[in-house]
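The values are calculated or read from the model by the stated rules, or taken from the named source; none is laboratory data. Everything numeric here is computed off the predicted structure, so don't read it as measured data. Virtual Cβ from ideal backbone geometry, glycine too; neighbours counted across all protein chains shown.
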There are 2 protein chains.
Amino acid sequence: MNLTEQMLKLARQGKAASRQLATLTADEKNQCLAAMAEALEKNAGAIKEANARDMEAAAEHGLSAAMLDRLKLDDKRIAGMAKGLRDVTALPDPVGKVLEQRVRPNGLKLEKVSTPIGVIVIIYESRPNVTVDAAGLCFKSGNAVILRGGREALESNRAIAQTMAEAARQAGGRFPEHAIQLITATDREAIPVLLSLTQYIDLCMPRGGENLIRTVADCSKVPVIKHYKGVCHVFVDAEADLTMAAGIALNAKLQRPAVCNAMETLLVDAAIAVDFLPRIAPQLAAKKVELRCDEAALAQLAAWKAELRLKPASEQDYFTEYNDYILNVRIVRGVDAAIEHINYYGSSHSDSIVTANEARARKFLAAVDSAAVYWNASTRFTDGAEFGMGAEIGISTDKIGARGPMGLEELTSYKWMGIGSGQVRS
Amino acid sequence: MNLTEQMLKLARQGKAASRQLATLTADEKNQCLAAMAEALEKNAGAIKEANARDMEAAAEHGLSAAMLDRLKLDDKRIAGMAKGLRDVTALPDPVGKVLEQRVRPNGLKLEKVSTPIGVIVIIYESRPNVTVDAAGLCFKSGNAVILRGGREALESNRAIAQTMAEAARQAGGRFPEHAIQLITATDREAIPVLLSLTQYIDLCMPRGGENLIRTVADCSKVPVIKHYKGVCHVFVDAEADLTMAAGIALNAKLQRPAVCNAMETLLVDAAIAVDFLPRIAPQLAAKKVELRCDEAALAQLAAWKAELRLKPASEQDYFTEYNDYILNVRIVRGVDAAIEHINYYGSSHSDSIVTANEARARKFLAAVDSAAVYWNASTRFTDGAEFGMGAEIGISTDKIGARGPMGLEELTSYKWMGIGSGQVRS
């Protein structure tokens, strides 16, 4: 079978499975998920063996220690994956929810009901736990999934996917044979070929660095929900409680700098910059944060020159997701200037205003065009678990389909059901 | 300015306008819409003159009488466009609705709030009234719109768009100068260039024939919501009330055959075919409907050979949207076979089951993967007005973003607003 035939086969099988999946009850799905969780733990030995083969090859290929750590599976991580599946099992079924209901004057009853999307392709990089998360969330939401993990994790992913599918099959019931499929072809061309099959594939979600996402989006003929970078901002307004503002700014930058909802640029109103910046300087100095500042901020922080790593900010810096101990600092005049900066340089992810002035806060919340906007809270809350979604498959920076954290509900579409008693149109 | 610069300018202007639009109040938007409606009527003379120029050129280019009729604007049609805008004015603002609300254990209040999508490109064919509908619906939902009508309607569309924008500007308030823009470049290349500008354009909606939609979808780098063909089905189950079934089937085929929600294939359960088919044969014969039948249906209808236009159906026929007095007739055994046929040959638009058996109806409603599924009602109801949406910009056969009829609500996205009192993540 050549590559096109292979991809066509996966896609057709996925579509057929999605038809069956759409009719499974919550109980049937939960039984399968519980069996998958158990099987992952039971089969930990075989999974670790497969992972060892990946690790060995990866070490030979000179993967960095950080990458090797992401790839590695041990009993604790496998238990974590099983727990993730059990958590998903416990969540309510997102399919079949009546989202809206109306009766038309002619007596026709209309219901807008949540449905699975269909067949979802998920493309991701090294961590093998994504295989479990993605397969579990897609299955619970009634979607057939086609997984494409990193080449370096192929053996691990294969062992995990086979374990899950086999366990669900043995759990009895109506588990569709191809509900969870893994692409084992490592050709680069597999993705463009698969993502041209619009009659079978309903959605693609790439997870990983900006380059991966852009490459997938560029080649895909099926809809792609993109999880681009997070260039997040905190704006400290002239009427902010400066103690609160310091807490939020430091949390947004320092609590976990490597993630997409961490702050990359701090905007400070000119009116309070001289009072505010010294409040956060000690902690920033303690963590050796490099500050890339506009001229005004550089001037304000001149007294801290010895303790802080100060640099002038370039235009490009304001567009950059550092994921690191680096922070842009810019002094702005008023909330309008802050909004303008964020909408121009930001990535529509998460942005926060700290202020006691409600009108200004409301303006910020309405005008900042981002998936999550905060008033007096840290940007770090943009996260499925923090939002009470139970689990998350990513954070969409798109506006069509889901926006922001994507849990089970965000993996559904809907249909209209019209229930009549013989109504015809006149 | 070359084409790329022109498109970049339109796109940037659209994005800037969308920022302002997102902050307009319902009153501000309604004032503009009312002014637009009035101006269309006041300016009818100039609009008709522009239209006359289009009509003349179109006649010279040999457009068919049907196409010329679609293109023509008279006072009645202009009044109809103004009425359409007034109807949209009267609808509730779809922006700023709180779709969900929750308070997290840490006290952070989360609200999921509807927002405009941003900048929408609408590509359509001859009828100039689409210019008014699309501009009105996009404006009311807070979206900047970039319109690309048919080349043959350019003068008419230009006069309409200018009238609307000028009226809104004069209505005072904060109408953003580039909220409604029209592409006047007639180059074919304009569309792929514009639809590569993912940083400014949020969505594209092509309206027209399947070829137009496919061409746009193929070249676009921005999300496209597709309004593909309607290959709609009615399935007459073994337990159908045959009088009701006849009424629904005839309505679905004959009430307006040229539209996307008309039936193209009638599926009849083998158990009742012999009773059912003769009930609809007279009306089908009276309307000279060509019936393309499978062998079993041909046999059942043999007695009507003289009155009916009978032909054997080909495989390809089942995939075809006729939009005409042609109907496929196929005998199937049971609801599962009907579901399988519809999911395989259908276009995920609108499909109906007629039955008195609730379990079978529920199975059909759940398993048929279409935007609208009916039980004991005609497929012809899939329509914004019939659904109570007030107005419609199309009927999506996609599953990401809106599905089925798209009114104002379906032209929105959402954002999460987090309102705190200093919460940070630990």
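Inspect region A:321-344 for any residue being among the small types (Gly, Ala, Ser), within 27 Å of the chain's Cα centre (by Cα) and within 25 Å of A:Trp375 (Cβ to Cβ) and give the result as yes or no.
yes
Consider A:Asn157 against the criteria (1) within 14 Å of chain B (Cβ to nearest Cβ); (2) over 27 Å from A:Glu321 (Cα atoms); (3) under 21 Å from the mean Cα position of the chain (by Cα); (4) free of Cβ contacts under 8 Å to residues at least 40 places away in the same chain: it satisfies all of them except one. Which criterion is unmet?
Single failed check for A:Asn157: (1).
In the list A:Ala286, A:Ala299, which residue meets the criterion of being surrounded by fewer than 15 Cβ atoms within 10 Å (Cβ to Cβ) and either outside the structural domain of A:Ala377 (by TED's automatic domain parsing) or over 21 Å from A:Val332 (Cα atoms) (or both)?
A:Ala286
So which of B:Gly390, B:Gly401, B:Gly418, B:Gly422 is touching a residue at least 24 places away in the same chain (Cβ under 8 Å), within 8 Å of another protein chain (Cβ to nearest Cβ), touching a helix residue (DSSP H, G or I) at 6+ places or on another chain (Cβ under 7 Å) and under 25 Å from B:Val98 (Cα atoms)?
Being touching a residue at least 24 places away in the same chain (Cβ under 8 Å), within 8 Å of another protein chain (Cβ to nearest Cβ), touching a helix residue (DSSP H, G or I) at 6+ places or on another chain (Cβ under 7 Å) and under 25 Å from B:Val98 (Cα atoms) holds for just one of B:Gly390, B:Gly401, B:Gly418, B:Gly422, which is B:Gly418.
Can you tell me which residues in region A:232-266 are among the β-branched types (Val, Ile, Thr) and farther than 27 Å from A:Ile120 by Cβ?
The answer is A:Val234, A:Val236, A:Thr243, A:Ile248, A:Thr265.
So which residues in region A:366-383 are crowded, with 24+ Cβ neighbours inside 10 Å and more than 7 Å from chain B (Cβ to nearest Cβ), if there are any at all?
A:Val368, A:Thr379, A:Thr382 - these are the residues of region A:366-383 that are crowded, with 24+ Cβ neighbours inside 10 Å and more than 7 Å from chain B (Cβ to nearest Cβ).
Out of all the residues in region B:372-387, which are in contact (Cβ under 8 Å) with a residue 24 or more places away in the chain and among the acidic types (Asp, Glu)?
B:Asp383
Looking at (1) surrounded by 18 or more Cβ atoms within 10 Å (Cβ to Cβ); (2) at pLDDT 95 or above, which is the one condition that is false for A:Gly84?
Result: A:Gly84 fails condition (2) only.
Evaluate region A:332-355: report whether one residue or more is under 14 Å from A:Val268 (Cα atoms), more than 13 Å from every other protein chain (Cβ to nearest Cβ) and among the β-branched types (Val, Ile, Thr).
The answer is yes; a qualifying residue exists.
Quick one: in region B:202-211, of everything that is crowded, with 16+ Cβ neighbours inside 10 Å and more than 11 Å from chain A (Cβ to nearest Cβ), which residue is farthest from A:Ser348 (Cα to Cα)?
Per the criteria, the residue is B:Gly208.
Residue check: is B:Leu242 closer than 22 Å to B:Phe319 by Cα, hydrophobic (A, V, I, L, M, F, W, C) and in contact with a helix residue (DSSP H, G or I) (Cβ under 9 Å, 6 or more places away or on another chain)?
Spelling it out, it is not the case that B:Leu242 is closer than 22 Å to B:Phe319 by Cα, hydrophobic (A, V, I, L, M, F, W, C) and in contact with a helix residue (DSSP H, G or I) (Cβ under 9 Å, 6 or more places away or on another chain).
The rows are residues; the columns are (1) within 13 Å of chain B (Cβ to nearest Cβ); (2) more than 16 Å from the chain's Cα centre (by Cα).
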position: A:Gln199; (1), (2): yes, yes
position: A:Val216; (1), (2): yes, no
position: A:Lys226; (1), (2): yes, no
position: A:Ala238; (1), (2): no, yes
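Here is a list: A:Arg53, A:Arg77. Which entry is assigned by TED's automatic domain parsing to the domain that holds A:Leu411 and over 27 Å from the mean Cα position of the chain (by Cα)?
One residue alone meets the criteria, A:Arg53.
Answer yes or no as to whether B:Ala361 is more than 9 Å from every other protein chain (Cβ to nearest Cβ) and of a type outside the set (Val, Ile, Thr).
Spelling it out, it is not the case that B:Ala361 is more than 9 Å from every other protein chain (Cβ to nearest Cβ) and of a type outside the set (Val, Ile, Thr).
Consider region B:190-208. How many of its residues are part of a loop (DSSP other than H, G, I, E, B) and in contact with a strand residue (DSSP E or B) (Cβ under 7 Å, 6 or more places away or on another chain)?
Adding up the residues that qualify gives 5.
Pick out the one residue from A:Ile339, A:Ile400, A:Ile395, A:Ile331 that is touching a Lys or Arg at 6+ places or on another chain (Cβ under 8 Å) and either β-branched (Val, Ile, Thr) or in a loop (DSSP other than H, G, I, E, B) (or both).
None of the others qualify; the one that does is A:Ile339.
In region A:270-283, which residues are surrounded by 19 or more Cβ atoms within 10 Å (Cβ to Cβ) and either more than 14 Å from A:Leu298 (Cβ to Cβ) or among the aromatic types (Phe, Trp, Tyr) (or both)?
A:Phe276, A:Ile280
Being in contact (Cβ under 8 Å) with a residue 60 or more places away in the chain and under 19 Å from A:Ser396 (Cβ atoms) is the filter here; which residues of region A:353-369 pass it?
Correct list: empty.
For region A:162-189, what are the residues that are within 23 Å of the chain's Cα centre (by Cα) and either at pLDDT below 95 or assigned to a strand (DSSP E or B) (or both)?
Across region A:162-189, the qualifying residues are A:Ile180, A:Gln181, A:Leu182.
Of everything in region B:254-277 that's assigned to a helix (DSSP H, G or I) and closer than 18 Å to B:Thr355 by Cα, which residue is nearest to the other protein chains (Cβ to nearest Cβ)?
B:Phe276
What residue, of B:Val145, B:Val119, is surrounded by 23 or more Cβ atoms within 10 Å (Cβ to Cβ), of a type outside the set (Gly, Ala, Ser), under 24 Å from B:Leu197 (Cα atoms) and touching a Lys or Arg at 6+ places or on another chain (Cβ under 8 Å)?
Result of the check over B:Val145, B:Val119: B:Val119.
Out of B:Asn211, B:Asn251, I need the residue that is polar (S, T, N, Q), part of a helix (DSSP H, G or I) and assigned by TED's automatic domain parsing to the domain that holds B:Arg127. Which one?
On inspection, the qualifying residue turns out to be B:Asn211.
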